[in-house]
Amino acid sequence: MSPIFRRLLPLLLALLIFIYYRSKLLSITNPSKLTKMGSSTALRLAILECDSPQPQTRAQFGGYTGVFTALLASAAKTLTPPQELSSLVSITAHDVVNDLYSYPALEDVDALLLTGSRHTAFDNDPWILKLVDFTKRAIDSGRVKVVGVCFGHQIVGRAVGAGVGKSKKGWEVAVTEVDLTDKGKEIFALDKMRIHQMHHDIVQNFPADAIPLGGNAFCPVQGMYFPGKYITVQGHPEFTNEIISEILFNRHTVGIFTDEEYEDAMKRAPVPHDGVAVGRAFLKFMREG
């Protein structure tokens with residue numbers, strides 16, 4: 001080895017080390033990689049918990065964040081190739097009913113998921129008004145994607161100007177069928193959706209800017225979509241036979257459901273449903289819009 005090369009070798013090694021670590025730093029700090037599923041940084045999902053589960057469900061899952069995490073984890077395993085949810089999404093829980101200061105900063109999240117609730121989406125309680133405002137700001141941001149389920153579906157509807165009210169047809173509960181539009185069939189990869197229900201309130205009309213995803217005779221607005229902004233379903237993809245049966249039993253016990261309504265719903269509680277397919281569509285929406 002020549003004397004000149006020996007003197008240059010440490011400088012060349014130092015230069016190579018500098019280039020290597022500089023490329024690693026740029027890959028970490030490149031903003032385009034922060035919201036991409038499958039990148040080194042998982043998509044940041046904030047679950048806005050709008051209620052607490054029934055006691056047995058709470059003992060198993062904790063809050064509704066645990067219930068939805070289980071759904072999304074099952075959905076991730078059906079992707080091609082199968083994925084671990086933790087590699088796709090980082091999830092935080094926010095109790096928006098009991099803590100008005102629990103909301104995340106919009107710049108710190110990539111997506112929101114609004115859960116179901118026993119509360120009424122068209123009430124004017126302070127926490128509901130704040131939730132409607134926060135949801136509207138998220139949608140208007142053009143960056144944060146919003147997923148709404150049942151009560152969350154109704155809050156999104158209210159935030160974008162749709163009417164929300166009580167159905168004159170009573171309760172829709174347990175597994176029911178939803179007729180999908182062409183867009184609904186494309187998004188959910190289903191010809192017809194079977195999904196758990198637990199609602200008396202409805203979105204009364206599709207917002208002017210929404211693409212309808214489906215409906216049925218009981219509730220014409222069962223799902224709606226705005227590319228890159230929001231996707232919602234009136235049903236509960238996260239519910240299982242055990243979860244819905246506990247709700248039905250407890251509500252029947254306190255007189256919310258008649259004997260006839262309860263017995264009919266319990267027959268349909270174990271019917272196979274498409275919750276995982278809906279969860280898979282949620283993951284795709286959060287990634288692609």
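The values are calculated or read from the model by the stated rules, or taken from the named source; none is laboratory data. On a predicted model such as this, the values are computed, not experimentally measured, just so you know. Cβ: placed from backbone, ideal geometry, glycine included. Neighbour counts: every protein chain shown. With ligands, DNA and RNA removed, areas are computed over all heavy atoms of the protein, side chains included. Shrake-Rupley method; radii C 1.70, N 1.55, O 1.52, S 1.80 Å.
Only one entry in HIS252, HIS273 is in contact (Cβ under 8 Å) with a residue 60 or more places away in the chain and surrounded by 16 or more Cβ atoms within 10 Å (Cβ to Cβ), namely HIS273.
Among the residues making up segment 184-224, those that are modelled with pLDDT of 95 or more, surrounded by fewer than 21 Cβ atoms within 10 Å (Cβ to Cβ) and closer than 26 Å to VAL109 by Cβ are PRO207, ILE211.
Go through segment 163-177 residue by residue and tally those that are under 23 Å from MET193 (Cα atoms), out of contact with any Asp or Glu (no Cβ under 9 Å at 6 or more places or on another chain) and open to solvent by less than 60 Å² (accessible area, probe 1.4 Å). Selection size over segment 163-177: 3. Taken together, the residues in segment 135-162 that are small (Gly, Ala, Ser), surrounded by fewer than 21 Cβ atoms within 10 Å (Cβ to Cβ) and in contact with a helix residue (DSSP H, G or I) (Cβ under 8 Å, 6 or more places away or on another chain) amount to 1. Which residues, taken from segment 178-200, are within 19 Å of the chain's Cα centre (by Cα) and among the hydroxyl-bearing types (Ser, Thr, Tyr)? None - no residue of segment 178-200 is within 19 Å of the chain's Cα centre (by Cα) and among the hydroxyl-bearing types (Ser, Thr, Tyr), so the list stays empty. With respect to ASN241, is the statement that it is open to solvent by 30 Å² or more (accessible area, probe 1.4 Å), in contact with a Gly (Cβ under 8 Å, 6 or more places away or on another chain), farther than 15 Å from GLY116 by Cβ and at pLDDT 95 or above true? It is false that ASN241 is open to solvent by 30 Å² or more (accessible area, probe 1.4 Å), in contact with a Gly (Cβ under 8 Å, 6 or more places away or on another chain), farther than 15 Å from GLY116 by Cβ and at pLDDT 95 or above. Evaluation of LEU129 against the conditions (1) free of Cβ contacts under 8 Å to residues at least 60 places away in the same chain; (2) of a type in the set (A, V, I, L, M, F, W, C); (3) buried (at least 17 other Cβ atoms within 10 Å of the Cβ); (4) over 16 Å from PRO212 (Cβ atoms) shows that the sole unmet condition is (3).
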